[in-house]
Structures are given as structure tokens and as C-alpha cells.
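The values are calculated or read from the model by the stated rules, or taken from the named source; none is laboratory data. Computed from a predicted structure; not experimentally measured. In this analysis, Cβ positions are derived from the backbone assuming ideal geometry, glycine residues included, and neighbour counts consider all displayed protein chains.
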Amino acid sequence: MRIDLHAHSSVSDGTEPPAEVVRRAAAAGLDVLALTDHDTVAGISAAAAELPPGFTLVPGLELSCLHEGAGVHLLAYLFDAEHPELAAELRRIRDDRILRARAMVERLQTAGVEVSWERVCALAGVAAAGAVEAAGTSVIGRPHIARAIVEAGAAADVPEAFDRWIGVGGPGYVARYALDALRAVELVRAAGGVCAVAHPARGESTPDGAVPMSLIEQLADAGLGGIEADHPSHDDEEAAYWRGAAKRLELAVTGSSDDHGELTGHRLGCRTTAPEEYARLIEPATGCAPLTAG
Ligand code: AMP
Ligand code: MN
Ligand code: MN
Ligand code: MN
């Protein structure tokens, strides 16, 4: 069984529609895929409608969290998406993403970069009215802005757009609302789901900085289920370090591609999770079940 527990679709900052992500996952030889768009499960039903026989889809999402200044991304799986408090937080996060993206576009325009709000919305697949209510089901993120920056000729490619303009602390960067990481783990547990720390060697607030081990330990106490030790951004030493941490804390060791389609170079299945680690991760989850077609 080949299992990939982290992938994005065009519902957030991936480039392929959810059904195409599933099709590509099966073509890559995967048996299980978690669709983990940023801050939304809006792509799950479209993905579920296209499952090849025997293929399993794990509903999930990725949450960018903070705790005492440290950035940590959490993958949440198999929660009840209707849980009122969790649903309200997700709505607040998505709404703030719109306001933040608008503010970033204004900053870039002030800096002389000819990006338009309409074009960023088109790249993100959201209505250009810009009103929060117009956001629909797609989630806007910095990669959409990066693509508009490249189109405007202010960077050669998306990585350069991050380096020059919209990386943390860059001239076009604006922070967004984020859940406290401990609260996020507790909230996902309360909704019947389970969390794993995504790419722990790459916390967000400190460029290339790892998530502090003291925070990982606190998250473990709060009910964290796993650590994504195997991620394409981790070198062998980092993967071994985080595998050891997961074992010591009695957490599941996961591995995943964090595929974003063209944005990352198609890479579904480039890292995988062992079946026994997957079983261990999802064992406590009761919010919903993995989806399997005939
Ligand atoms: P946001 O969630 O809107 O802050 O955007 C973060 C997303 O941008 C991540 O999920 C990645 O997909 C992407 N990203 C972050 N840093 C970089 C980078 N240096 N180069 C390319 N993409 C990046
Ligand atoms: Mn992303
Ligand atoms: Mn991430
Ligand atoms: Mn991701």
C-alpha cells in the first residue's frame, strides 16, 4: 500500500483541480491520498466523486499556525467539518486571507509592481469583487500573488517572487490571522480529527528554521498524532532526526509529497507513509471516515 498524506489542489494553492489530483495520484501508483488544501475541505467532494476503484481518499486540510512567535503547519485529518467552533475558525482564516491578499497587492502596487487584484483573483479562482462573501470556496494564497508578480515582470519565477517581494518580512508581505497551534490541535481533536506536524524542519516564521522541539512536545501533550518526518524539503539528516523525535514521543511517522501540481513540479508519491504508521495515525479519529470507491 502506497500512502501520501499531504497534497494541494487548485481549491487552494495547487494548480490541478481536486479530481485531477486524485487521477494523478492513482496514476503515480498511490492507493491512499489525503487532500490537504490550505484552510478548506471544499475540494473533498469533487475529489471523492472521481475515486478509482479501491482508491482511498482521506479528507484533510493544512493549517498555518503560530505559537509564541514560532510558525508551525499542522495537517488535520478526518475531523467533522461541521463542528461549529472549527468551522467558524476556518471561515475566519479564509476571510482574513482575502483581506490580507488585498493588502499585499496594494503594497506591491505602491512599490511599483504592476499586479492587479483582478488578476490575482483570477489566478486564485475567486470572484474579483474582493468582498469576503465573494470568496466562494477557493482559498487565496501567496503563490497566486507570486504568479501575478511573475506575469508583471517583477520576478523571473515564483521562488524569486517570494525572495524579492512576498517572503516573510519582504516589501509586499502582510501577515495573516493564524490559530494558536495548541488550540488548533485541541480543536481538531474536539472535532474528532487528528493532527500531524507538517515539514517540521521548515517552520514558517523563521526562514528555514525548524519548529522548536519544546513546541512539538507541547503539541504532543495536547493530542498531536504524528510528525511528517519525510518531506521533499527535508534532507536525510533532518528526516532521521524527526523520525527519531516521533518515536521518542510515541507519535506516528508520516511521509508525504506536499504536491502543489506545477508549482512544485508534479511529485505525488515522492514521499510516502508506511501502512502501520497510517493506521496508528488515524486510529483515534472519529470525525469522519476515509472514503473508498467500490
Ligand atoms: P500563504 O499560506 O498564503 O502564506 O502562502 C504560503 C504558501 O506559499 C505555501 O503553502 C507554499 O505553497 C508557498 N511557498 C512558501 N514559501 C515559498 C517559497 N519560498 N517559494 C515558493 N513557494 C513558497
Ligand atoms: Mn501551499
Ligand atoms: Mn506547509
Ligand atoms: Mn502543504
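Residues being more than 14 Å from ligand 1 (Cβ to nearest atom) and either assigned to a loop (DSSP other than H, G, I, E, B) or more than 29 Å from Glu237 (Cα to Cα) (or both): count how many of those fall in the stretch 151-188. Walk me through how you get there before you give the answer.
Keep residues of the stretch 151-188 that are more than 14 Å from ligand 1 (Cβ to nearest atom), which gives 151-154, 171, 180-188.
The next check asks that each one be either assigned to a loop (DSSP other than H, G, I, E, B) or more than 29 Å from Glu237 (Cα to Cα) (or both); those that pass are 151-154, 171, 183, 186-188.
Going through the stretch 151-188 one residue at a time, the tally reaches 9.
Looking at Ala101, Ala87, which one is more than 16 Å from ligand 1 (Cβ to nearest atom) and modelled with pLDDT of 95 or more?
Details: Ala101 fails: more than 16 Å from ligand 1 (Cβ to nearest atom).
That would be Ala87, the only listed residue that is more than 16 Å from ligand 1 (Cβ to nearest atom) and modelled with pLDDT of 95 or more.
Select from the stretch 2-17 the residues that are away from ligand 2 (no atom under 12 Å from the Cβ) and not basic (Lys, Arg) and list them in ascending order.
Going residue by residue through the stretch 2-17, those that are away from ligand 2 (no atom under 12 Å from the Cβ) are 2-5, 16-17.
Correct list: Ile3, Asp4, Leu5, Glu16, Pro17.
(1) more than 30 Å from Glu217 (Cβ to Cβ); (2) more than 15 Å from ligand 3 (Cβ to nearest atom): which one isn't true of Glu85, the others all being true?
(1)
State whether the residues of the stretch 40-63 include one that is more than 16 Å from ligand 1 (Cβ to nearest atom), under 22 Å from Ser233 (Cα atoms) and either in the same structural domain as Pro275 (by TED's automatic domain parsing) or at pLDDT 95 or above (or both).
Checked against the condition, which is being more than 16 Å from ligand 1 (Cβ to nearest atom), under 22 Å from Ser233 (Cα atoms) and either in the same structural domain as Pro275 (by TED's automatic domain parsing) or at pLDDT 95 or above (or both), the stretch 40-63 yields no hits at all.
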